[in-house]
Amino acid sequence: MSALVASTAEQDRVQVLQRTLYRAAKADPERRFHALYDKVYRRDVLERAWTNVRQNAGAAGIDRTTIADVERYGVDLLLDELAVGLKTGTYRPLPARRVFIDKHGSKDKRPLSIPAVRDRIVQAAVKIVLEPVFEADFLPYSFGFRPKRGVHDALQVLVDESWRGRRWVVESDIANCFEAIPHDRLVAAVEERVCDRHVLKLLRTMLRAGVMLDGAVRHSDNGTPQGGVASPLLANIYLHRLDKAWRDGGGIGVLVRYCDDLVVLCRSEEEAEGALGALTAILHGLGLEPKASKTRIVHLVEGGEGLDFLGFHHRWVSNRSSRSRHHVSYLARWPTRQAMQRARDRIRELTMRRWVLLPVEEVVGSLNRFLRGWAGFFRYGNSSQHFIDIRWYAQMRLARLVAKRHGRRPAFGRWVVGVVSPNQLGLVNLSGLVVSPRPNRPWRGKPNAGGERRR
């Protein structure tokens, strides 16, 4: 009980610090903060940073130290060492471990940099301190990796604006965004709000730590590598310049940006072409460029091809209303083909032959955890049939596993799961979960992109 009280008190102190920084930044948009470094190595901030890192888990860095290793070593001891290193200026981050992971739906590989656990804690502490300062400035166009904003907030803007007639869409993302951001320009963007030289020095040190690849450390003057705890915040700080340029007249239409993925909703093809030109020019001015293979103009029209954005496929459809003879047209969305394939791949992993000796309850528990998480994300859409398909696939895979467990044919497993068991061995039911998005209605009673509630 005492540990829980102490943890709650530490959380409250950190929240008070963040609210204070946010209010100060919001009250004076010209203010530059000069006394932030001592907040980074505050013990309660480091403890919160450790909690966040531990919750996110993740692999070890080049030192091969895992979360479990830190707990065996002693969390308090490590945090004390980090606090002393930061306070005395002797802290030096290790190079991140570079790995390459598959991009779904592509033959390309995505570079991922994995910092050491100790460095992830420091990055998390920096994020805790800097995020409220820059949150006060960020514009409504930005949704990715921000508190109290997320995918469905961004998608609601698509529903609202398409309903208002903006159905010519510029679809794009920024080529190698995390790897291409110039360090000097990024630090300059931070300096617009932060003049604490110790914080700026720490940021430069973090950015120049480099990555370990094939046994050699490689350094670059560009990039805030994906995998770093602070990288999404730093990318948003830099891309805030894109948002400001758009607001100040550099672009036409309504911009929706989720970190480096973005769309612009326009009223006509000419407007969309102008928006694409403006977007390209702004990105070039930032030393970035749109990814050619993912940049196009799409017309949301009945019978059109639609577009994929943030895991959903979006398409303009028309249905006859049950209360009227008239057709009702609207922007529908459902999981993309890639999202459906990833779900099937995960279900297949959870029901492979190597789990045949596990108790069925454990397999079903793992399946249910995945299905609940997947459905919790995709339920806000027009996804009923897709839910049926994924649930059926999970049931089929579970039946095959039951059959293998008993050395019988697949029909035996289907009989056990579908007939003998009254609740299909406890497999979660996904029916009735889908919530269709409505224009001009916040998806969960939240403020819209402009920060005001719909009337």
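For the stretch 26-34, take each phi angle, set θ = phi - 60°, evaluate the Karplus expression 6.51 cos²θ - 1.76 cosθ + 1.60, and give the result in whole Hz per residue in order, putting x for glycine and proline.
With coefficients 6.51, -1.76 and 1.60, one gets 5, 5, 9, x, 9, 5, 10, 8, 10 Hz.
With θ set to phi - 60° and the Karplus curve 6.51 cos²θ - 1.76 cosθ + 1.60, what are the ³J(HN,Hα) couplings of the stretch 184-201 in order, to the nearest whole Hz, using x for Gly and Pro?
Coupling constants for the stretch 184-201: 5, 6, 5, 4, 4, 5, 5, 5, 5, 10, 10, 10, 5, 5, 6, 5, 5, 5 Hz.
May I ask you to order 128-140, 226-238 by the average number of other C-beta atoms within 10 Å around their residues, highest value first?
Peptide ranking by packing, descending: 226-238, 128-140.
Show the residues, 5+ positions off or on another chain, whose built amide H is closer than 5 Å to the amide H of Tyr380.
Here the answer is Val435, since their amide H atoms fall under 5 Å of that of Tyr380.
Between rounded, prolate and oblate, where does the stretch 260-312 land on the alpha carbon gyration tensor, with a ≥ b ≥ c its root eigenvalues, rounded for a/c under 1.5, else prolate if a/b exceeds b/c?
oblate
For the stretch 386-394, take each phi angle, set θ = phi - 60°, evaluate the Karplus expression 6.51 cos²θ - 1.76 cosθ + 1.60, and give the result in whole Hz per residue in order, putting x for glycine and proline.
Along the stretch 386-394, the couplings run 5, 5, 4, 5, 5, 5, 5, 5, 4 Hz.
What dipole magnitude, in Debye to the nearest 20, does the stretch 209-358 give about its Cα centre under +1 on Lys/Arg Cβ and -1 on Asp/Glu Cβ?
960
For volume of the Cα convex hull per residue in Å³, the choices are (1) 157; (2) 182; (3) 198; which was calculated from the structure?
Read-out from the structure maps to (3).
Between Rg and the Kirkwood Rh of the stretch 365-447, both from Cα atoms, what is the Rg to Rh ratio?
1.13
Restricting to Cα pairs below 8 Å that are 6+ residues apart, what does the relative contact order work out to for the chain? Please round to a whole percent.
That works out to 15 percent.
For the stretch 23-159, what is the convex hull volume of the alpha-carbon atoms per residue, in Å³?
Per-residue hull volume (Cα only) is 155 Å³.
With an 8 Å cut-off on Cα pairs and a minimum separation of 6 or more residues, tell me the relative contact order of the stretch 43-195 in percent.
22
Among bridges DSSP assigns within the chain, what percent are antiparallel (round to 5)?
DSSP beta bridges in the chain are roughly 85 percent antiparallel.
Based on the alpha carbons, how large is the Rg to Rh ratio for the stretch 162-279 when Rh follows Kirkwood?
On the Cα set of the stretch 162-279, Rg over Rh gives 1.08.
Taking the Cα centre of the chain as origin and charging only Cβ (+1 Lys, Arg; -1 Asp, Glu), how large is the dipole, in debye to the nearest 20?
In total the dipole reaches around 1800 debye.
Which shape class, rounded, prolate or oblate, goes with the stretch 102-180 when its Cα gyration tensor gives a ≥ b ≥ c as root eigenvalues, a/c under 1.5 marks rounded, and past that a/b bigger than b/c marks prolate?
Oblate, because a/c is 1.5 or more while a/b does not exceed b/c.
Mind checking the alpha-carbon convex hull of the stretch 214-306 and giving the volume per residue in Å³?
Normalising the Cα hull of the stretch 214-306 by residue number yields 138 Å³.
Counting only helical runs of four or more DSSP H residues, what would the 222 nm mean residue ellipticity of the chain come to if each run contributes -39,500 (n - 2.57) and the total is spread over all its residues?
On the way: 16 runs with 214 residues, N = 455.
Taking each H run of at least 4 residues, the total per residue is -15000 deg cm²/dmol.
Amide H to amide H under 5 Å from Val194: which residues, 5+ apart in sequence or cross-chain, H placed 1.01 Å off N in plane?
Distant-sequence amide H within range of Val194: Phe33.
Compare the peptides 302-308, 275-281 by average per-residue count of other Cβ atoms within 10 angstrom and give them in order, highest first.
Result, highest mean first: 275-281, 302-308.
Between Asn222 and residues 5 or more places away or on another chain, which pairs have amide H atoms under 5 Å apart, with H built 1.01 Å from N, and which residues are they?
Placed amide hydrogens put His183 under 5 Å from Asn222.
Carbon and sulfur together cover what percent of the accessible area of the chain at a 1.4 Å probe radius?
The C+S portion of the solvent-accessible surface of the chain is 50 percent.
Please work out the Cα convex hull volume for the stretch 274-422 and give it in Å³ per residue.
Per residue, the Cα convex hull of the stretch 274-422 comes to 192 Å³.
Using the Cβ atoms and a cut-off under 14 Å, what net charge is assigned to the surroundings of Leu283, where Lys and Arg are +1 and Asp and Glu are -1? Present the calculation step by step, with values, prior to reporting the outcome.
Numbers: positive: Arg185, Arg241, Lys244, Arg257, Lys291, Lys294; negative: Asp173, Asp243, Asp260, Asp261, Glu289.
Net charge around Leu283: +1.
With every protein chain left in place and a probe of 1.4 Å, what is the accessible surface of His386, to the nearest 10 Å²?
40
The values are calculated or read from the model by the stated rules, or taken from the named source; none is laboratory data. Here the structure is a predicted model, which is why all the values come from computation and not from measurement. Heads up, the Cβs are rebuilt from the backbone with ideal geometry, glycines too, and the neighbour counts pull from every protein chain shown. All accessible areas refer to the heavy atoms of the entire protein, side chains included, with ligands and DNA or RNA removed. Shrake-Rupley method; radii C 1.70, N 1.55, O 1.52, S 1.80 Å.
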